[in-house]
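So the structure is just underneath, and the comments pick up after that.
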Amino acid sequence: MSDSTQHKRGVHTRLAHSGYDPHDFHGFVNPPVVHASTVLFPDAHTMATRNQKYLYGTRGTPTTDALNQAMTELEGAAGTLTVPTGLAAVTVPLLAFLSSGDHLLVTDAVYFPTRSFCDNMLSRMGVKVEYYDPLIGAGISRLMKPNTKAVFTESPGSNTFEMQDIPAIANAAHAAGAIVMMDNSWATPLYFRALDFGVDVSIHAATKYIAGHSDILAGTISANEAAWERLHEAYLQLGCCPGPDDVYNTLRGLRTLGVRLEQHRRNALEIAQWLEGQPGVAQVLHPALESSAGHDIWKRDFSGSSGLFSIVLAGGGKEKAHAFLDALEIVGMGYSWGGYDSLAVHVHLDDRVASRTDYAGPVMRLQIGLEDVDDLRADIERGLAAAARI
Ligand SMILES: *Cc1c(COP(=O)(O)O)cnc(C)c1O
């Protein structure tokens, strides 16, 4: 299929068909799950010249190719790599592009394990890590130094959902010669095509919506032409390749991402709008709500909203937060998100250094799943009623 044919196709057609041609493998509609270390060569000359498509299990298989190619088409990228976790999808590009003495700018609303990797491993390796206010926009140019090699973004921000002005940040970063990475897990490539907005490396915790069933860990990294070669080289050096069954199941999840995400979007938005009027809720942090500070940027750049947002309870502390959680019967208490099931967690924001905000009460993150909205609303109502009694 030529590029121009691909471009005319709608996103749901691409979700259903991208990445793999069934006639490449006897017509089976799904790709084979190739368990592989060794790949044989037909003769010594082919082996010496490495003149065949597959060389060794760590360097790719028909299974990884199918997922990577599908993501490449969805992201409009030069290439995609799949790694064993979303966190590895963060760490591999950071390791690929940073060296001792380099300066790295990281959004202060970053996923906590990303911060931990920067503060511990990257710092130990001599990378100077600096956190910036997620709302900084073009003002990031003031933070750029001659040794600034990368700007790490995540929008909306983890737990507090600040929207970043990605095009403005990308312009400023590129003007100063730095590469732009984005943790784009919340929107998926369906709701934000990061590379079209100036991002060089788009990162997904495929564990979340892409795999979508709370049973797979996976990450994808898609890069534009400028970043691809160096990223790919680092991936090969790190030996950070995923298991074939997880890759297969991630592609299986991707095929139905469109319909699942639409229901996450609708359910979450309906619940967020209802929560805005509820006693005991001081604030709803959801970028698709008009009341949200980042709404204009979200509307300008994103084509949808997913199922993860937070509410701020009206006053109180840990006891109120725990009363809310303990009263929930359908919504589970657990980490991660993006699966079919609803989840809630009391989030801690003590790690923030450049964007400390005083919220009126505990911040509760809600992952709205695929259940019936009425049942979820009744469940959250139980939680709010219990919190009100504290
Ligand atoms: C969960 C998450 C990750 C990491 O994904 P894992 O597969 O759990 O390692 C990365 N970024 C964000 C924003 C996440 O929420």
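The values are calculated or read from the model by the stated rules, or taken from the named source; none is laboratory data. Please read these numbers as outputs of a predicted model, since none were measured by experiment. Because the Cβ atoms are built from the backbone with ideal geometry, glycine has one as well, and the counts that use them run over all protein chains shown. The accessibility values were calculated without ligands, DNA or RNA, using every heavy atom of the protein model including side chains. Shrake-Rupley method; radii C 1.70, N 1.55, O 1.52, S 1.80 Å.
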**Q.** Members of region 165-209 that are charged (D, E, K, R), within 23 Å of residue 242 (Cβ to Cβ) and out of contact with any Asp or Glu (no Cβ under 8 Å at 6 or more places or on another chain)
**A.** 200, 208
Q) What are the residues in region 327-358 that are within 15 Å of the ligand (Cβ to nearest atom) and free of Cβ contacts under 8 Å to residues at least 24 places away in the same chain, if any? A) 334, 335, 345, 348
Q.
Being within 15 Å of the ligand (Cβ to nearest atom), surrounded by 21 or more Cβ atoms within 10 Å (Cβ to Cβ) and over 13 Å from residue 152 (Cβ atoms) is the filter here; which residues of region 78-91 pass it?
A. 81, 82, 83, 86, 88
(Q) Within region 158-196, take every residue that is open to solvent by 20 Å² or more (accessible area, probe 1.4 Å) and among the charged types (D, E, K, R) and give me the one that is farthest from residue 88 (Cα to Cα). (A) 165
**Q.** region 100-157, residues that are open to solvent by 20 Å² or more (accessible area, probe 1.4 Å), within 13 Å of the ligand (Cβ to nearest atom) and in contact (Cβ under 8 Å) with a residue 24 or more places away in the chain
**A.** 111, 112, 113, 117
Q | In region 195-241, the residues that are small (Gly, Ala, Ser) and under 15 Å from residue 86 (Cβ atoms) | A | 202, 205, 206, 211, 212, 214, 218, 219, 222
Q: Collect the residues in region 160-189 that are more than 12 Å from the ligand (Cβ to nearest atom), touching a helix residue (DSSP H, G or I) at 6+ places or on another chain (Cβ under 6 Å) and not β-branched (Val, Ile, Thr), keeping them in residue-number order.
A: 163, 165, 167, 168, 172, 189
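For region 346-374, give me each residue that is aliphatic (A, V, I, L, M), in a loop (DSSP other than H, G, I, E, B) and touching a strand residue (DSSP E or B) at 6+ places or on another chain (Cβ under 8 Å). Write out each step before concluding.
Just the residues of region 346-374 that are aliphatic (A, V, I, L, M), to begin with: 347, 349, 353-354, 360, 363-364, 366, 368, 370, 373.
When the remaining residues are screened for being in a loop (DSSP other than H, G, I, E, B), the result is 349, 353-354, 360, 368, 370.
349, 353, 354, 360, 368, listed by residue number.
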Q) What single numbered condition from (1) open to solvent by 30 Å² or more (accessible area, probe 1.4 Å); (2) within 25 Å of the chain's Cα centre (by Cα) fails to hold for residue 314? A) (2)
Q) Filtering region 190-201 down to residues that are outside any helix (DSSP H, G or I) and closer than 20 Å to residue 265 by Cβ, which residue is nearest to the ligand (Cβ to nearest atom)? A) 192
Q: Could you please find all residues in region 353-390 being out of contact with any Phe, Trp or Tyr (no Cβ under 7 Å at 6 or more places or on another chain), open to solvent by 10 Å² or more (accessible area, probe 1.4 Å) and among the charged types (D, E, K, R)?
A: 356, 358, 365, 371, 372, 374, 375, 381, 382, 389
**Q.** Subset of region 212-231 [away from the ligand (no atom under 15 Å from the Cβ) and either among the hydroxyl-bearing types (Ser, Thr, Tyr) or surrounded by 19 or more Cβ atoms within 10 Å (Cβ to Cβ) (or both)]
**A.** 223, 224, 227, 228, 231
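Quick check: anything in region 36-47 free of Cβ contacts under 8 Å to residues at least 12 places away in the same chain, over 20 Å from residue 210 (Cα atoms) and within 16 Å of the ligand (Cβ to nearest atom)?
So the first thing to find is which residues in region 36-47 are free of Cβ contacts under 8 Å to residues at least 12 places away in the same chain, and the list is 40-47.
Of the ones still in play, those that are also over 20 Å from residue 210 (Cα atoms) are 40-47.
Still in the list and also within 16 Å of the ligand (Cβ to nearest atom): none.
Within region 36-47 (the criterion being free of Cβ contacts under 8 Å to residues at least 12 places away in the same chain, over 20 Å from residue 210 (Cα atoms) and within 16 Å of the ligand (Cβ to nearest atom)), the answer is no, since none of the residues qualifies.
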Q: Select from region 359-380 the residues that are without any contact (Cβ under 8 Å) to a residue 24 or more places away in the chain and not small (Gly, Ala, Ser) and write down the one among them that is farthest from residue 305 (Cα to Cα).
A: 374
Q) If only one of 288, 282, 272, 268 is open to solvent by less than 20 Å² (accessible area, probe 1.4 Å), over 11 Å from residue 161 (Cβ atoms) and either touching a Ser or Thr at 6+ places or on another chain (Cβ under 6 Å) or not in a loop (DSSP other than H, G, I, E, B) (or both), which one is it? A) 268
Q) Is one or more of the residues making up region 309-326 within 16 Å of the ligand (Cβ to nearest atom) and either assigned by TED's automatic domain parsing to the domain that holds residue 85 or at pLDDT 95 or above (or both)? A) yes
Q | Residue, nearest to residue 237 (Cα to Cα), within region 5-57, restricted to residues that are over 30 Å from the mean Cα position of the chain (by Cα) and acidic (Asp, Glu) | A | 43
Q: For residue 205, indicate whether it is touching a Ser or Thr at 6+ places or on another chain (Cβ under 7 Å) and open to solvent by 10 Å² or more (accessible area, probe 1.4 Å).
A: yes
